[in-house]
Structures are given as structure tokens and as C-alpha cells.
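The values are calculated or read from the model by the stated rules, or taken from the named source; none is laboratory data. Owing to the predicted nature of the structure, the values given are computational and were not obtained by experimental measurement. Here the Cβ positions follow ideal geometry from the backbone for every residue, glycine too, while neighbour counts run over all protein chains shown. The protein model used for the area step is the full one, side chains on, heavy atoms only, and it has no ligands, DNA or RNA in it. Shrake-Rupley method; radii C 1.70, N 1.55, O 1.52, S 1.80 Å.
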Amino acid sequence: MPKLIDHEKRREQIAEATWRIILERGMEGATVRNIAKEAGLSLGALRHYFATQDELLIYAMTLVKERATARIAKIALQEQYSSKEKIIRLLLELVPTNQEKMAEAEVWFAFTAYFRHKDVFDAMHDGIYAGLQKVMNYAEQVGLLPNKVDKELETERLYAIIDGLALHALLDPKRLDGERMELILVQHLTELFERGS
């Protein structure tokens with residue numbers, strides 16, 4: 001009897017192999033040949049799942065986003081946090097506070113740089129800015145955001161802080177660890193939320 005193969009699971013395994021190659025060798029090392037070898041597949045078998053290198057890379061990038069989105073959605077449904085704590089927990093999912101998220105951030109930045117000059121990726125539609133808009137809307141709905149605050153400007157500022165923390169944590173993780181990133185986010189949000197009081 002032939003072995004049943006979960007094709008979506010196999011696609012995820014190939015994407016994870018892609019991430020490992022990018023972490024070890026950078027985007028220049030993310031060739032179809034290297035990825036197939038890392039995934040334990042022949043080139044023909046890999047091409048059965050992804051016809052082109054860009055198709056594979058887009059899938060791998062999308063999977064990073066989907067996994068982070070799933071973690072964020074899980075936090076959003078939890079009721080044990082206060083509104084402010086929930087916002088902090090949501091934002092901490094966007095910065096590399098542990099090894100898994102460090103790898104995701106490194107891969108994400110590599111993908112962003114790679115796809116920047118192609119028509120397949122638009123940084124404004126990577127989901128992060130839209131997610132931060134939702135966070136700011138939530139803060140407004142629960143009464144944390146002062147009335148006189150320019151919500152659009154504060155969303156841009158928060159986006160810059162999140163991206164800056166992620167980038168600097170990648171460049172110097174000993175200086176900017178998860179605990180320090182949390183302190184920075186807590187201080188920023190505390191100052192923002194208490195501005196009207």
C-alpha cells in the first residue's frame with residue numbers, strides 16, 4: 001500500500017528548511033539545490049511542490065507571517081490580561097524575544113530585502129502596520145488612548161519602535177534582549193496612555 005503524504009505538511013517542512021538555509025548562509029545560499037538537500041528531497045521532488053524559487057520563497061515568507069499571526073490571535077482571545085497587558089503581549093510577538101522569534105525576524109528581514117525590488121512584496125502590506133493599527137484602535141476602544149492623541153502618527157511611531165527593536169535585537173542581542181525590549185515597550189505605552197492624565 002503506498003505511503004500517504006500530507007502535502008501541506010511537506011510544504012511547511014520545505015519552508016522550514018528554507019529558513020534554516022537562510023539563517024546559515026543568507027539569501028544568497030537559499031538556492032533550490034541547497035534547500036532540496038536541507039529538506040532531504042531531490043530537486044524533482046522539491047519542484048513538485050514549488051515550480052520556482054520565488055514561489056518557494058514567497059510561501060516560506062508567508063508561513064513566517066501566518067505563524068506569528070496565529071500566536072497573536074491566541075493572545076487576543078485570552079481574557080486573563082488587563083487591556084494594557086494584552087497590548088504589551090501582542091507587541092512582544094512582533095519582536096525577537098526568544099530563539100524562535102529571533103530566527104523568524106532574521107528570515108523576515110532577509111525576505112524583505114530580497115523581495116524589495118520585485119513586484120511580489122509591498123512592505124506596507126506585510127501585515128505589521130495593519131496589525132498595529134488594530135492595536136491602536138483597541139487601545140482607543142478600551143479608553144487607554146487619550147482623546148487628543150494623533151492616532152495615525154502614534155501608529156507610525158509604534159511601527160518604527162517595533163521595527164527598530166527587531167533590527168537592533170538581531171544586530172546586538174546581548175545588549176537588547178527580550179527583557180529590555182519589554183521595558184522599552186512598557187515605558188513607551190505608559191507615556192502614551194498617560195499623556196492625557
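Treating only the Cβ of Lys, Arg, Asp and Glu as charged (+1, +1, -1, -1), what charge dipole size does the chain show about its Cα centre? Round to the nearest 20 debye.
That gives a dipole near 480 debye.
Where the only charges are on Cβ atoms (+1 Lys, Arg; -1 Asp, Glu), what is the dipole of segment 26-98 about its Cα centre, to the nearest 20 debye?
The calculated dipole for segment 26-98 is roughly 160 debye.
Rounded to the nearest percent, how much of the accessible area of the chain (1.4 Å probe, protein heavy atoms only) is carbon and sulfur?
53 percent
Can you tell me, using C-alpha contacts under 8 Å and at least 6 residues apart, the relative contact order of the chain as a whole percent?
On the way: 146 pairs, mean separation 39.9, N = 197.
20 percent.
State the label only: which of (i) 276; (ii) 141; (iii) 210 corresponds to volume of the Cα convex hull per residue in Å³ computed from the shown model?
Of the listed options (i) 276; (ii) 141; (iii) 210, (ii) comes from this structure.
Can you give me the angle between helix 128-141 and the longest principal axis of the chain, using Cα atoms only, in degrees from 0 to 90, rounded to the nearest 10?
For helix 128-141, the angle is close to 30 degrees.
Order the peptides 68-75, 35-42 from the highest to the lowest mean number of other Cβ atoms within 10 Å of their residues.
On the way: 68-75: 14.9, 35-42: 17.5.
Ranked from most to least packed, the peptides come out as 35-42, 68-75.
Going down the list LYS9/LYS101; LYS65/LYS174; LYS101/LYS174, which pairs span over 23 Å between their C-alpha atoms?
LYS65/LYS174
Could you provide, to the nearest whole Å², the per residue accessible area of segment 29-167 with probe 1.4 Å?
On the way: 7550 Å² over 139 residues.
Ligands and nucleic acids excluded, the figure is 54 Å² per residue.
Could you check which residue among THR18, THR52, THR155 shows the biggest mean-square fluctuation in a GNM of the chain with a 10 Å Cα cutoff?
THR52
Note down the net charge around GLU79, summing +1 for each Lys or Arg and -1 for each Asp or Glu among other residues with Cβ under 15 Å from its Cβ.
That works out to +3.
Can you tell me which of 129-140, 170-181 comes out highest on packing, and rank the rest after it, using the mean Cβ neighbours within 10 Å?
Order by mean packing, descending: 129-140, 170-181.
With unit charges on the beta carbon (Lys/Arg positive, Asp/Glu negative), name the residue among LEU91, ASN34, PHE109 whose Cα is farthest towards the positive pole of the charge dipole of segment 9-145.
In segment 9-145, that residue is ASN34.
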